[in-house]
Amino acid sequence: MSEQKEKIMAAFGGKRGLIDNGLPSTLFLISFLINKDLKLSIYLSVGLSVVLTIWRLIKRETLQHAISGLIGVLICAWFARSSGRAVDYYLPSLWKNLAYFVAYSASAISGWPLIGILLGPILGENFEWRKDQVRRRTYVLASWVWAGMFAIRIVIMYPLWKLDQIEALGFASLILGYPLFLLTVWLTWRIIKSK
């Protein structure tokens, strides 16, 4: 079962993905809270993302998550820099969560749950799970768990963004980032292994 759990975690970015995507945002928040300097905070977060990407390159590790993390940080930085508002650093994340919520919900409703599409081939089922009603319902349930995670993020973070509450938004982003993500991966594993 631990091998299956590792495969599920790896499918969603694994530990490297969490570091490459999360550390620059955390540094942005800490820097802005201490210095109140948007430009410096942007430079620090982008700089850290570049360093992480170079580090992966030097160690000959996969660059997939480092590159996607760097692109994500650059997009967030562009939004914040363009508007001059620190809260807009989190705007792309809100849009991304909304898009994922719609995608996971639509996939569950349609009977082609994204969790099944993503994990079926990784777990050796390919799309055979579509022929098994119990297995298909399992993947639908797991997809609703992911849709729920994205919905929670939107419901909590959007009002904070709208009210220009950078401290609360930054902390909400941290709490709803790693901890909620790891809980969702764990619940996904529990649901999938139980059937």
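General remarks:
- Mean sequence separation of contacting Cα pairs (under 8 Å, at least six apart), scaled by the length of the stretch 112-195, corresponds to a relative contact order of 31 percent.
- On the chain, 67 percent of the accessible area sits on carbon and sulfur atoms, based on a 1.4 Å probe.
- Calculated over the chain: convex hull of Cα atoms, volume per residue (Å³): 113
- Scanning the chain for long hydrophobic helices, with DSSP H runs required to stretch 15 angstrom or more by C-alpha along their axis and to average at least 0.0 on the Kyte-Doolittle scale, returns 14-35, 38-58, 64-83, 91-110, 133-162, 178-193.
- Cα→Cβ-extended label distance, 7 Å offset, between residue 165 and residue 68, nm: 3.0
- Length-normalised contact order for the stretch 73-144 - Cα pairs under 8 Å, 6+ apart - percent: 26
- For the stretch 60-98, applying the loop criterion from DSSP together with a ceiling of 11 other beta carbons within 10 Å to the trypsin sites (Lys or Arg not before Pro) yields 60.
- Sequence-separation-based contact order of the chain, relative, with Cα cut under 8 Å and 6+ spacing, percent: 21
- Its DSSP H runs of at least 4 residues, each contributing -39,500 (n - 2.57), put the calculated 222 nm mean residue ellipticity of the chain at -27500 deg cm²/dmol, to the nearest 500.
- Taking 45, 68, 110 as the candidate residues, the one with maximal mean-square fluctuation in a Gaussian network model of the chain, Cα springs under 10 Å, is 110.
- Spin-label model distance (nm) - residue 187 vs residue 175, 7 Å beyond Cα toward Cβ: 1.6
- In the context of the full set of protein chains, the chain has a per residue accessible area of 54 Å² (1.4 Å probe).
The values are calculated or read from the model by the stated rules, or taken from the named source; none is laboratory data. Predicted, not measured: the structure shown is a model, and the values here were computed from it. Cβ coordinates were reconstructed from backbone atoms using ideal geometry, including for glycine residues, and neighbour counts include every protein chain displayed. Surface areas here come from the heavy atoms of the whole protein model, side chains and all, with no ligands, DNA or RNA. Shrake-Rupley method; radii C 1.70, N 1.55, O 1.52, S 1.80 Å.
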